[in-house]
Amino acid sequence: MKFTISRDAFLKPLQVVSGAVERRHTIPILSNVLIQVSDSEIRLTGTDLEVELVSACDIDKGTEGQVTVPAKKLLDIIRSLPDGAPIELSASEDKATIRSGRSKFTLATLPAEDFPNIDDWDSDIQLVTSQAVLKDLMERTHFSMANQDVRYYLNGMLFETDANILRTVATDGHRLAMSSCEIGQPNLTGRQVIVPRKGVMELLRLLDDVDNEVKVAIGNNHIRIETKGISFTSKLVDGRFPDYRRVLPQGGDKTVVADRELLKHACSRAAILSNEKYRGVRIALSPGEMILTANNPEQETAEEIIEVEYQGDSLEIGFNVSYLIDVLNTIQGSKVKLTLSGPDASGLVEDNDDDSSLYVVMPMRL
């Protein structure tokens with residue numbers, strides 16, 4: 001096996017697939033990247049048995065063959081070479097040799113036949129959208145995913161197809177984020193699947209804010225997302241996502257509209273003196289005004305007063321200030337709308353000019 005390629009052409013696909021490779025794995029071959037060479041193309045594959053990433057790039061000439069080499073060492077070597085440097089990689093028996101100019105590196109290899117492939121599977125649902133749309137949907141919700149929760153089905157993101165709609169939902173039990181968009185495929189079958197946290201974070205790393213086409217295929221146990229030169233496959237979380245519609249607050253009769261930047265900065269300043277463990281901030285509403293107060297065990301206090309559009313009865317409610325800041329960082333409009341019903345009911349937060357995303361934050365007792 002042998003091929004020649006420029007450093008820059010090789011580095012990008014190598015970086016793509018390295019994201020799936022486990023650094024500290026009990027199975028040695030999972031620390032390696034699979035390199036498959038044909039006459040005019042190389043294919044690189046990395047996997048941790050949950051997520052598989054495949055990236056391909058063209059070469060001028062190659063000698064067919066396949067081999068697995070340590071992913072991190074290979075990436076570090078290629079990264080350290082000068083921009084535009086030509087690279088020759090060859091493999092025989094249990095060694096791979098990388099040459100570039102007067103540099104030469106020899107790496108230990110493992111047999112390509114031992115490299116695990118995700119089993120073949122059939123997809124029930126196929127849809128086409130753009131990288132920008134898919135990335136935007138995920139960016140609007142991913143921060144609400146749980147991290148290592150015993151309720152394993154919360155450690156991921158719900159992807160839901162519903163007629164012409166693609167929707168993402170994430171919750172950690174204390175807050176919920178939901179975003180939807182129309183994708184122009186009215187005959188789409190309704191389906192819910194949970195993509196694990198690692199798969200979500202890898203996708204966010206891979207996708208760009210461009211209009212390049214993305215193909216999404218969903219099967220019983222897998223999801224595959226293909227875009228130019230890259231194929232991403234992830235196992236799905238085997239569990240049932242909570243019925244998020246039951247969590248959405250109903251009948252909120254108190255509507256507050258505030259300047260997003262003003263509220264975000266007020267929350268950030270109040271957070272400085274909030275209890276480090278509970279992160280609570282008290283919101284007191286009266287016509288035209290919102291007062292945010294925070295305190296901590298050292299009896300230190302912060303108070304912020306901002307003008308808001310509100311004409312309802314006075315109300316006091318407590319929230320985790322970090323959750324509010326996460327939402328305010330995600331919303332892109334200039335004004336934010338809070339819908340409340342009482343001190344013990346969850347609050348609904350939305351962009352005042354865009355109802356495609358909504359955020360639910362549970363109240364705190366302070």
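List of remarks:
- Charge context of SER40, other residues only, Cβ under 11 angstrom, K/R +1, D/E -1: -4
- Cut-off 13 Å between beta-carbons: net charge of the residues surrounding SER322, Lys and Arg +1, Asp and Glu -1: +1
- CYS267, CYS181, ranked by accessible area, largest first (probe 1.4 Å): CYS181, CYS267
- In order along the stretch 280-291, the Karplus-derived 3J(HN,Hα) couplings, from 6.51 cos²θ - 1.76 cosθ + 1.60 at θ = phi - 60°, round to x, 9, 9, 10, 10, 10, 9, x, x, 9, 10, 10 Hz, and Gly and Pro are given as x.
- Whole-Å distance, taken between Cα centres, linking the stretch 324-366 and the stretch 208-255: 21
- Cα gyration tensor category, rounded, prolate or oblate, for the stretch 128-248 with a/c compared to 1.5: prolate
- Choice from PHE159, PHE232, PHE105 showing the highest fluctuation, given a GNM over the chain with Cα pairs closer than 10 Å: PHE105
- Amide H partners (placed H, <5 Å) of ASN352, local residues excluded: LYS335, VAL336, LYS337
- The listed residues LYS104, LYS72, LYS235 rank as LYS104, LYS72, LYS235 when sorted by accessible area, largest first, using a 1.4 Å probe.
- Taking label positions 7 Å along the Cα-Cβ direction at both SER103 and ASN220, the computed distance is 4.8 nm, reported to one decimal.
- Proximal charge balance of PRO86 [Cβ under 13 Å; K/R count +1, D/E count -1]: 0
- Think of a 1.4 Å ball rolled over the protein heavy atoms: the stretch 174-318 then has 54 Å² of accessible area per residue.
- A run of the chain free of exposed loop cleavage sites, with GluC sites (Glu not before Pro) counted only in DSSP states other than H, G, I, E and B and at most 13 other beta carbons within 10 Å, reaches its longest extent at 94-275.
- Apportionment of accessible area to carbon and sulfur, the chain, percent (1.4 Å): 44
- Computed from backbone phi, the HN-Hα couplings of the stretch 90-99 come to 9, 9, 8, 6, 10, 9, 10, 10, 10, 10 Hz, rounded to whole numbers (Karplus: 6.51 cos²θ - 1.76 cosθ + 1.60, θ = phi - 60°; Gly and Pro given as x).
- Cα-based Rg and Dmax for the stretch 94-181, where Dmax is the largest Cα-Cα distance (Å): 21.0, 59
- Nearby lysines by direct alpha-carbon distance to LYS337 (threshold 20 angstrom, same-chain neighbours under 8 apart not counted): LYS254, LYS264
- Structural descriptor for the stretch 284-361: relative contact order 22 percent, calculated from alpha carbon pairs under 8 angstrom and at least 6 residues apart.
- Candidates ARG140, ARG79, ARG102, ranked by Gaussian network fluctuation over the chain, Cα under 10 Å, top entry: ARG102
The values are calculated or read from the model by the stated rules, or taken from the named source; none is laboratory data. Predicted model, so just to flag it, every value in this text is computed and none were measured. All Cβ positions, glycine included, derive from the backbone under ideal geometry; neighbour counts span all protein chains shown. Please note that ligands, DNA and RNA were not included when accessible areas were found on the heavy atoms of the full protein model with its side chains. Shrake-Rupley method; radii C 1.70, N 1.55, O 1.52, S 1.80 Å.
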